[in-house]
Amino acid sequence: MNKILTIDIGNTRAKYAVFDDDIIIETGVFDPYSNDLKEIIIRHHKIKKGILSSVGGKVEECLEQLKEIEVVTLSGLSPLPFDIPYANKKQIGSDRIAAVAGAMSIKPNENNLIIDIGTCITYDIITSDNIYHCGPISPGIRLRFKSMNDYTNKLPLCTATKDDLKIICESTEECLQSGVLMAISLEIEGFIKLYSNNYKNLNVFIIGGDNIFFENKLKNCIFADANFIFNGLRYILNYQ
C-alpha cells in the first residue's frame, strides 16, 4: 500500500485526491485557510508523500498543514519526465505541467495536444520524444462573457449553455451564448488543425471545468474526467 496526496489549487477552487498506489480512494475540495489538509493526513495516516500544484497561491498555508509528510511543490524547475525548451521555466503554470503529465500517463511516447478550458484556455503539446512545448493562451468562457458585460453599457452578463448553438438568434442572450461558445469551438478546431499539420497521429485531450460545454461540439477528441490533473500529479511524483 502506497498512499500519496495530490493537491490542485486553481483560480477558483482548491481540490485534492488521495491515491492508494494508482487508485484514487478519496477526492474533494478543501479550504486552504482551515485545517482540512491536516484532517486528511490524520484520516489517511499512511500518507508519507504529497505533491502540490498551485496557480491560485495559498502554497504556504497548505505547506504549514503538511509538515508531517514530504511534499513536492510543482514548478517548471521540478524533476519532470519530459524536457521543457522554454526560456524561463519558472513562468510555466504548474497546472499546465500536470496536464501534460496526465496525457503522458494515458498515451506515453505519443504526440498529445492538451486543451484546458478553464478560466483561460491553454494549448500544450507533448511530443512522442517527450518534449513539452507551451502553446497559446486565450480567454475562457466566463472571461468572455464578463468582458462584454463590463465593457458595454447594455449587454447582460450571461452564462454558458449546453443547448445547440445558433447562427440566427432570437434574443440578446442567445446572441452572446452562441457568439462565445461558437467562437471557442471554432478557435479550438483551428488550433487542432494547425497542430495536426505539424504532428502526426495527434491525440487531443479536452480538459478543464468547462469542457462539458463542448462534448457535443468537438469531434475526435478525448474528453478527460475530473481526475486528469490528479493522475498527472501522481505520475510526476512517482517519477521523482
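The values are calculated or read from the model by the stated rules, or taken from the named source; none is laboratory data. In this text the structure is predicted, and so the values were computed from the model without any measurement. Heads up, the Cβs are rebuilt from the backbone with ideal geometry, glycines too, and the neighbour counts pull from every protein chain shown.
Miscellaneous remarks
- Yes/no for residue 67 being surrounded by 15 or more Cβ atoms within 10 Å (Cβ to Cβ) and farther than 15 Å from residue 9 by Cα: no
- Consider the range 110-120 and keep the residues that are assigned to a loop (DSSP other than H, G, I, E, B) and closer than 15 Å to residue 56 by Cα. The one that is nearest to the chain's Cα centre (by Cα) is 118.
- Filtered residues of the range 214-240 (kept if assigned to a helix (DSSP H, G or I) and surrounded by fewer than 20 Cβ atoms within 10 Å (Cβ to Cβ)): 238, 239
- Whichever residue in the range 152-175 is over 28 Å from the mean Cα position of the chain (by Cα), part of a loop (DSSP other than H, G, I, E, B) and not aliphatic (A, V, I, L, M) and, among such residues, is surrounded by the most Cβ atoms within 10 Å (Cβ to Cβ): 169
- Residues of the range 187-201 satisfying the condition of being within 19 Å of residue 127 (Cβ to Cβ), surrounded by 17 or more Cβ atoms within 10 Å (Cβ to Cβ) and hydrophobic (A, V, I, L, M, F, W, C): 191, 192
- Only listed residue being of a type in the set (A, V, I, L, M) and closer than 21 Å to residue 104 by Cβ, chosen from 168, 184, 207: 207
- Residue in the range 24-60 that is surrounded by the fewest Cβ atoms within 10 Å (Cβ to Cβ), counting only those that are within 18 Å of the chain's Cα centre (by Cα), β-branched (Val, Ile, Thr) and closer than 18 Å to residue 228 by Cα: 29
- Pick from the range 9-25, criterion among the small types (Gly, Ala, Ser) and out of contact with any Pro (no Cβ under 6 Å at 6 or more places or on another chain), ranking: nearest to residue 74 (Cα to Cα): 10
- Entirely in the range 1-109, the helices (runs of 4 or more DSSP H) that have 2 or more residues that are in the same structural domain as residue 132 (by TED's automatic domain parsing) and not β-branched (Val, Ile, Thr): 94-106
- Of the residues making up the range 1-51, those that are hydroxyl-bearing (Ser, Thr, Tyr) and either modelled with pLDDT under 95 or farther than 21 Å from residue 236 by Cβ (or both) are 12, 33, 34.
- Failed item in (1) of a type outside the set (A, V, I, L, M); (2) part of a helix (DSSP H, G or I); (3) over 30 Å from residue 236 (Cβ atoms), with residue 142 passing the rest: (3)
- Beta carbons closer than 8 Å, at least 6 apart along the sequence or on distinct chains, never pair a first residue in the range 142-162 that is not assigned by TED's automatic domain parsing to the domain that holds residue 120 and hydrophobic (A, V, I, L, M, F, W, C) with a second that is assigned to a loop (DSSP other than H, G, I, E, B) and at pLDDT 95 or above.
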